[in-house]
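Worksheet: one structure, shown below.
Derivation of every value follows stated rules applied to the coordinates shown; laboratory data play no part. Here the structure is a predicted model, which is why all the values come from computation and not from measurement. Note that each Cβ is placed from the backbone with ideal geometry, even for glycine, and that neighbours are counted across all protein chains shown.
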Amino acid sequence: MRPARPSVFERIPTATRTWASRVVLLLACVSVVATSRAQSDDVASPVYTGAPFRLTAETFKVTRTLVVRTSSKEKSSDPMEGEVRIQANAKWTPGDPIQTPPPSLAIGYLEGELTSRSQSGILEPDVAVTVESVTYLGENCPTDQGCEWTLQVVFDVQGNSDSGTVEAPGTVDVEWTAQAFVHVLDESSVPKGFTVSVSEP
């Protein structure tokens, strides 16, 4: 049987092949670096603690409005982006001690008339369950103007049965916090006096 003819690449000396592979890898790395966008480190806001609330069969959904603001002593024309992290601790007291399956607490964000679901957690009777959610803050404005994002955060109880309804849900007591993290694009350093805050209107 006639041996297979070596490929063009295999006929190249080993040392040359190694050098060529390194050149290709180097060019790929340079390409990635060239297309990545510079950004500063994240600046965190103080943790904002919202007022606790209770969800029931009559009031199974609550909306809270959050405003994220930035300010800076140093003028810059660079845009910013970031994220907001919501953490809710929910304690469910069933209306029926043998109710199954348990409900979930969902955290979403109101966009127009629709709510985008981000994260949910299944509740346990008389146990504080933590549900966390993260939402993105898109490019908004240059730092010399001070940026502001407004979020509509929706907390609601959902059923885990086939019908999606919760019968005799009892009560769900919710404590929650929010924290924002923002960075400046096209700059590797944070502007002087740059701060981030989270509040309700």
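Quick notes on this one:
- Eligible lysines near K73 by straight Cα distance, threshold 24 Å, same-chain separation 8 or greater: K192
- Using a Förster distance of 25 Å, the FRET efficiency for E148-A38 (Cβ separation, nearest 0.05): 0.60
- FRET efficiency, 1/(1 + (r/R0)^6) with R0 45 Å, evaluated for D126 and K75 via beta carbons: 0.25
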